[in-house]
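The values are calculated or read from the model by the stated rules, or taken from the named source; none is laboratory data. Owing to the predicted nature of the structure, the values given are computational and were not obtained by experimental measurement. With ideal geometry, Cβ positions are generated from the backbone for all residues, glycine too; neighbour counts draw on all protein chains shown. These area figures cover heavy atoms from the full protein model, side chains too; ligands, DNA and RNA do not enter into them. Shrake-Rupley method; radii C 1.70, N 1.55, O 1.52, S 1.80 Å.
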Amino acid sequence: MTGMAEQEPFTAGSLAELYAAVSAEGGVTIDELSTLVDAFSTRPIASADIQAYREGRKPWKKLRDEVVPVEHLLRKRYPEFTQVRFPLDDQPPDAWAWSDGHAAIGIEVTGALARAGTEVAKGLKEQGIGKGFIGLQDGESQARFDAARTRRRVTSSRVGVDSAVDEAIAASMAEKDKEKFAGQVLLIVAPLGSSPNRSQEDVRSAHAAKAVALPFSRVHVADVARRSEIIDLK
């Protein structure tokens with residue numbers, strides 16, 4: 001009996017090809033983008049590379065922070081014939097999406113508790129087990145993050161998790177409250193799955209009023225790492 005052929009590993013070279021495809025002048029369709037992201041998700045990958053992705057280190061940072069979140073949003077919310085292009089130039093917005101007869105719209109991605117997520121990933125490498133949730137805001141000192149990462153695993157209360165996530169979402173929106181984003185789309189990536197019993201309506205009621213006041217045409221929040229549903233704040 002002939003065994004199944006081994007999959008080709010996903011390497012830094014594969015990543016460079018992905019970046020070349022999504023940044024090409026004509027962009028890619030949602031289906032093409034999903035195929036590229038699925039290759040990263042399903043093919044073998046070196047442990048050092050997957051750790052670099054988790055920590056958001058170059059060259060994997062833009063895949064984690066821009067490409068994967070935008071693909072998650074587009075796959076769930078946009079028509080399959082939509083085209084998307086990622087400039088990958090460190091200038092906003094992170095992506096442009098368009099379809100025939102419609103002007104391109106910018107998509108900006110921002111992370112809530114992003115630094116905490118990186119520290120959780122570091123702890124996974126150092127100790128072989130992640131802390132699950134670190135509720136420190138991005139502006140906290142490195143010393144506090146180091147202490148949180150190296151302490152024994154503790155169970156966070158739902159109230160504490162919700163409070164930390166809400167504070168981070170609010171800070172993310174405040175940071176992006178700039179007229180240059182008028183008419184664009186904002187996707188906030190947040191660890192909503194750390195409070196799995198929290199309803200979408202509860203998240204929406206906590207943040208919709210501030211989201212409506214932003215210059216963006218639409219504001220969404222999602223836990224991309226857990227491939228969660230998109231919550232519309234505006």
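Of all residues in the stretch 44-60, count the ones that are part of a loop (DSSP other than H, G, I, E, B) and either within 20 Å of the chain's Cα centre (by Cα) or modelled with pLDDT under 95 (or both). Walk me through how you get there before you give the answer.
Here is the first cut: in the stretch 44-60, the residues part of a loop (DSSP other than H, G, I, E, B) are 44-46, 56-60.
Still in the list and also either within 20 Å of the chain's Cα centre (by Cα) or modelled with pLDDT under 95 (or both): 45, 56-60.
So the answer is 6.
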Of all residues in the stretch 99-145, how many are open to solvent by 70 Å² or more (accessible area, probe 1.4 Å) and within 29 Å of residue 30 (Cα to Cα)?
-> 4
Could you run through the stretch 159-194 and say how many residues are closer than 22 Å to residue 227 by Cα, of a type in the set (A, V, I, L, M) and assigned to a helix (DSSP H, G or I)?
-> 8
Which numbered condition trips up residue 38, out of (1) outside any helix (DSSP H, G or I); (2) within 18 Å of the chain's Cα centre (by Cα)?
-> (1)
Which residues, counting only those in the stretch 214-234, are over 21 Å from residue 119 (Cα atoms) and open to solvent by 80 Å² or more (accessible area, probe 1.4 Å)?
-> 218, 229
Within the stretch 7-45, the residues that are open to solvent by 40 Å² or more (accessible area, probe 1.4 Å), touching a helix residue (DSSP H, G or I) at 6+ places or on another chain (Cβ under 9 Å) and hydrophobic (A, V, I, L, M, F, W, C) are 12, 36, 45
